[in-house]
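Everything on this sheet refers to the single structure shown next.
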Amino acid sequence: MCDRSRVQQNDLLLHEAVIKNEPAAVREALQRPADVNCRNNYGRAPIHWAASRGNVEIIKLLIDANCDIEAVDKFGMRPLLMAAWHGHLDAVQVLVQAGACLAATNKKQNDLLQCACARGSYDVAMFAISIGARVQTIDATGDASLALASRAGYTNVVELLLDKGAYIDAINKAGRTALHLACEGGHSSTAALLIARGASREARDNSGRTPLHIAAVHRHTELVQTLLESKCNVDAVDSNGVTALQMACAQGCRGIVEHLLAFGADVHLQNNVGSSALHAACAADATDIVELLLARGADPALTDQWSQSPLSVAGGAAESPPEGFRRAARGSFSAILGLLTATANLDHHQPLLQRQKATMRGDGQPRHCWIDWHSVVLQPILDLRYLQQVVLATESYAIELPRRICRTKVPQVHVNVPIALSDIRIRREEMNIQLAFMHLIVQLIYNFYVIALNVQIYFK
């Protein structure tokens, strides 16, 4: 028992000496009774630590002590893979000369070249290719060496692999190409190289997303600009009908939104459930983006398949955010409500005579005409219903509704239909009274509209 305890203590001293990178201490530990292949709780032997630190002298000492150069830890890593992972070319060469298996892989099925590429070790990657490593080999997730280097943004390694014949548009199990992965990591220089070498800018992953979608959803503004300048499709939609603009709005990233709008992104597009970019911006409480979208003509009355408008999303009336978008939880939505209310269709100052020229007499005087009762009566009703939706959407929010007056003009007759609700403060305790009163007004005017619809007014 005493001898066994002493051996275990010597094993710990050997591990400690290798970890501290002290060749003299390693020599001393090897002279005592010790297991040169003793493992720690990660399944790693001293040769693993020596390989990860790249100390060639210690590696040779352990090899001379007959260590197992094919020892595997709990992650499937062998000393050769450890040396490649940490970018130690000298250690890799020593282990290869000692007979290490070149086809060895870890539990993720990463081989020597892939370990080097994933960590950006150009020299080790070059050496691995020179001794026969295949650039098209894939790991458990379907990633080839090019994909691993692109994800990490090692542009020089990407260029090496392309020069050695790597397929630029190879896809992994998620359907993503090297350009997708570069966009995911926000590596603009790597993405620019891939585009310059002919990578597909419209390649779609299993979710139907293009590299532009990936860059937008990960908030990589510079990368979005790079893709747009390469003339990618700015309005491409994924499997859910979501555009890059909608994703950028949902993320609240104004810089990306500005780039997309500058390159002609359509603010009116809706996804598969009817949500638009304005819905997404309202859900994210992105007031500045809402302003941009409204300035580009976004329709605040556009509804999704659940009849939720951007106004209801901003007001909190929607039970959940628009499909595919997150609900922001910072501050009040009152600023967005004000924008939407102020930008709604308030202009009713247009002539209401239909076919006015056709109803003139020879002397230029009006013979008779139809009053456009839809504009005179029905539109005010819709306005009242719109205000009712504002009340429903805002609940506990206190907002000011702008003054809204509808004027209609007929020759020699002025018809004023006021819909003025100015300086109204809506409070929670008054909600039921306000709703009941508005419902009564809407019903009365609608009845009047039905009766007056077919009335003709003659002018002599």
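Based on a Kirkwood Rh over C-alpha pairs, give the Stokes-Einstein translational diffusion coefficient of the stretch 147-198 at 25 °C and viscosity 0.890 mPa s in µm²/s.
234 µm²/s
What nm value, rounded to one decimal, do you get for the distance between Met126 and Ser200 when each label is placed 7 Å out toward the C-beta?
3.3 nm
Can you run phi through the Karplus equation (6.51, -1.76, 1.60; θ = phi - 60°) for the stretch 36-51 and list ³J(HN,Hα) in whole Hz, with x for Gly and Pro?
Whole-Hz 3J(HN,Hα) from phi for the stretch 36-51: 5, 10, 4, 10, 9, 6, 8, x, 9, 9, x, 5, 5, 5, 5, 5.
Return the subset of Lys60/Lys108; Lys20/Lys60; Lys20/Lys74; Lys74/Lys107; Lys107/Lys173 for which the Cα-Cα distance in this structure is over 19 Å, preserving the input order.
Violating the 19 Å Cα-Cα cut-off are Lys60/Lys108; Lys20/Lys74.
Just to confirm, what accessible area per residue do you get for the stretch 160-284 at 1.4 Å probe, in whole Å²? Please list the in-between numbers first.
Values: 4450 Å² over 125 residues.
Accessible area per residue: 36 Å².
I need the phi-derived Karplus couplings for the stretch 156-161: 6.51 cos²θ - 1.76 cosθ + 1.60, θ = phi - 60°, integer Hz, Gly and Pro marked x.
So the Karplus estimates, Gly and Pro as x, are 5, 5, 4, 5, 4, 5 Hz.
List the residues whose amide H sits under 5 Å from the amide H of Gly76, counting only those 5 or more places along or on another chain, with H placed 1.01 Å from N in the peptide plane.
Amide H neighbours of Gly76, under 5 Å, 5+ apart: Lys107.
So what does the Cα-only Debye profile of the stretch 16-162 read at q = 0.12 Å⁻¹, as log10 I(q)/I(0), no solvent term?
-0.47
Percent of accessible area on the stretch 35-113 owned by carbon and sulfur, 1.4 Å probe?
Numbers: 1610 of 3420 Å².
For the stretch 35-113, the apolar C and S fraction of the accessible surface comes to 47 percent.
Take the solvent-accessible surface of the protein heavy atoms, probe 1.4 Å, and return the percent of it on the stretch 116-231 that carbon and sulfur atoms account for.
Answer for the stretch 116-231 is 47 percent, counting heavy atoms of protein chains only.
Please give the peptides 268-276, 213-221 ranked by average Cβ packing (other Cβ atoms within 10 Å per residue), highest first, as a rough proxy for protection.
213-221, 268-276
Contact order normalised by length for the stretch 1-115, with contacts defined as Cα pairs under 8 Å and 6 or more residues apart; what percent is it?
RCO, the stretch 1-115: 20 percent.
³J(HN,Hα) across the stretch 292-306 via Karplus (A = 6.51, B = -1.76, C = 1.60, θ = phi - 60°), whole Hz, x for Gly/Pro?
4, 5, 5, 5, 8, x, 4, 8, x, 9, 5, 10, 8, 6, 9
Put Glu70, Glu291 in order of accessible area, largest first, 1.4 Å probe: what do you get?
Ranked list, largest accessible area first: Glu291, Glu70.
At 7 Å along Cα-to-Cβ for each site, give me the label-to-label distance between Ser189 and Ser207 in nm.
2.9 nm
The values are calculated or read from the model by the stated rules, or taken from the named source; none is laboratory data. These numbers were taken from a predicted model, which means no experiment stands behind them. Glycine also receives a Cβ, built like all others from the backbone with ideal geometry; neighbour counts cover every protein chain displayed. Protein only, heavy atoms only, side chains kept; ligands, DNA and RNA dropped before computing areas. Shrake-Rupley method; radii C 1.70, N 1.55, O 1.52, S 1.80 Å.
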